[in-house]
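One structure is given here, and the rest of the page talks about it.
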Amino acid sequence: MLSRKKDKIINDPIYGFVHLEKGIILELIEHPFFQRLRRISQLGLSYLVYPGAYHTRFHHAIGCIFLMNKAIDQIRKKGHSITGKEAQAVCIAILLHDIGHGPFSHALEKSIVGNITHETLSLLFMQGLNKQFKGKLTLAIQIFKDEYKKRFLHQLVSSQLDMDRLDYLKRDSFYSGVQEGIIGTERIINMLNVVDDHLVIEEKGIYSIEKFLIARRLMYWQVYLHKTVLSAENTLIKILKRAKELISDGKEVFTTPALFFFLEKKCTKKDFENNPDILHQFAKLDDYDIISALKQWQNHNDFVLSTLSKNIINRQLLKIEIQNKPFSQKAIFDTRTAVMKKLNLNKEEVDYFVFSDKVSNSAYNYEKAKINILMKDGSIKELKDASDQLLSEIISRKVNKFFLCYPDLR
């Protein structure tokens, strides 16, 4: 591939001008695999609640590389070595960390790609690009997989305090208008340090970390797990499953070629690994495939597919109730019975209209991975030991909520 002759500047609404040097970073950004992220929304169907939330995975990736460069500069200032090759590799890793996201990714993962996570697909994309770029992504892949000797570089890409989270909280807050997600990214990055090959936060930055975790907790309940968003995304999961079922039964269902490929087949992780053509088919999928299909499915002769598609397109969403304990079997049975009678549905069809599930939110899981604080005396304390005890309990507590979706029968 030919290198660009000039550097590039992107004007980002969050950080201002983002400078990108000529070379492999720009070549990756210009690759069709990455350009596809312009057509993948960052917050899925959240725009049905927050009209401004139309920003894309492309926006987010550019923001992440901006923050990564800031973090690299700061860590170097603290006296830690990051070579030019390592800096480029960790920037590539963060640039491509979300390249495996599909349209409305969580709905897609649960319905038509066999529970393959976007992290797995991101790695497959990176490995495919590494072949095209003749091994230039090898070090980035090692960092992404946490197989490189400098472990703190992986933590900058994926941890409880990585550049991914620092960007998406601030960006999603900006576009959704939810002020609770605003965090001091510059302050947090300035407090970064490295001890024993692990990222730490200097003690004077502890309140910024607490605010970051509280913001993350609030953003999950107010945006990512907002009850209307849950209703819409779970409805989309049901729609895609219904379309897949109809196609398997030989029924005619409009789709784009790329979407039809995955609705017709059941592709496992092994299929993706063994057949590069499947990954190329996935790379053709974006939000427009789904939206175009929903617009056509409104007029399908299958009642389930057409009704649920209308619900999304016209924002006439299923009602949703949320509570702190599971819904009783009687409550679910009574709701199913009423819906079957009202809409003249059979027992299989009603599953698409009445369903219950659980969502969980934990802003900080210190058992999974720790945020360590570098105290003024040089000792290291885990955040929950260095922070206010009551606050630590709040931000580390896992909260489960249960929801029940059903049509409005009025």
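State the number of residues belonging to region 98-130 that are in contact (Cβ under 8 Å) with a residue 24 or more places away in the chain, more than 20 Å from residue 290 (Cβ to Cβ) and hydrophobic (A, V, I, L, M, F, W, C).
3
Can you give me the ranges of the helices (runs of 4 or more DSSP H) entirely in region 162-241 with at least 1 residues that are farther than 20 Å from residue 374 by Cβ and among the polar types (S, T, N, Q)?
Details: elements: 163-176, 185-190, 206-219.
Output list reads 163-176.
Table: residues versus (1) closer than 21 Å to residue 183 by Cβ; (2) among the hydrophobic types (A, V, I, L, M, F, W, C); (3) in a helix (DSSP H, G or I).
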{"site": "72", "(1), (2), (3)": "yes, yes, yes"}
{"site": "89", "(1), (2), (3)": "no, yes, yes"}
{"site": "112", "(1), (2), (3)": "no, yes, no"}
{"site": "129", "(1), (2), (3)": "no, yes, yes"}
{"site": "134", "(1), (2), (3)": "no, no, no"}
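Only one of 293, 331 is in a helix (DSSP H, G or I) and under 24 Å from residue 42 (Cβ atoms); which? Working first, answer last.
Values: 331 fails: under 24 Å from residue 42 (Cβ atoms).
So the residue among 293, 331 that is in a helix (DSSP H, G or I) and under 24 Å from residue 42 (Cβ atoms) is 293.
Out of everything in region 270-306 that is closer than 20 Å to residue 238 by Cα and free of Cβ contacts under 8 Å to residues at least 24 places away in the same chain, what residue ends up being surrounded by the fewest Cβ atoms within 10 Å (Cβ to Cβ)?
Only one residue fits best here, namely 301.
Can you find a residue that is within 27 Å of residue 364 (Cβ to Cβ), in contact with a Cys (Cβ under 6 Å, 6 or more places away or on another chain), touching a residue at least 60 places away in the same chain (Cβ under 8 Å) and not acidic (Asp, Glu) anywhere in region 163-171?
Scanning region 163-171, I find at least one residue that is within 27 Å of residue 364 (Cβ to Cβ), in contact with a Cys (Cβ under 6 Å, 6 or more places away or on another chain), touching a residue at least 60 places away in the same chain (Cβ under 8 Å) and not acidic (Asp, Glu), so the answer is yes.
Name the single residue, out of those in region 332-380 being of a type in the set (Phe, Trp, Tyr) and outside the structural domain of residue 310 (by TED's automatic domain parsing), that is farthest from residue 220 (Cα to Cα). Before you say what the answer is, go through the steps one by one.
Residues of region 332-380 that are of a type in the set (Phe, Trp, Tyr), as a first pass: 333, 352-353, 355, 364, 366.
Imposing the further condition that a residue be outside the structural domain of residue 310 (by TED's automatic domain parsing) reduces the set to 364, 366.
On the way: 364: 12, 366: 18 Å.
Checking each candidate, the answer is 366.
Which of the following residues is without any contact (Cβ under 8 Å) to a residue 12 or more places away in the chain and either under 30 Å from residue 176 (Cβ atoms) or among the small types (Gly, Ala, Ser) (or both): 207, 220? Break it down stepwise before answering.
Details: 220 fails: without any contact (Cβ under 8 Å) to a residue 12 or more places away in the chain.
Just one listed residue meets the conditions, 207.
Only one of 176, 159 is of a type in the set (S, T, N, Q) and either modelled with pLDDT of 95 or more or crowded, with 23+ Cβ neighbours inside 10 Å (or both). Can you tell me which? Steps first, please.
Details: 159 fails: either modelled with pLDDT of 95 or more or crowded, with 23+ Cβ neighbours inside 10 Å (or both).
Going through 176, 159 in turn, just one is of a type in the set (S, T, N, Q) and either modelled with pLDDT of 95 or more or crowded, with 23+ Cβ neighbours inside 10 Å (or both): 176.
In region 96-123, how many residues are surrounded by fewer than 22 Cβ atoms within 10 Å (Cβ to Cβ) and at pLDDT 95 or above?
2
Is it true that residue 151 is of a type in the set (Lys, Arg), at pLDDT 95 or above and buried (at least 18 other Cβ atoms within 10 Å of the Cβ)?
So residue 151 fails the test.
The values are calculated or read from the model by the stated rules, or taken from the named source; none is laboratory data. The structure displayed is predicted, hence computed values, not measured ones. Every residue, glycine among them, receives a Cβ derived from its backbone with ideal geometry; neighbour counts consider all protein chains shown.
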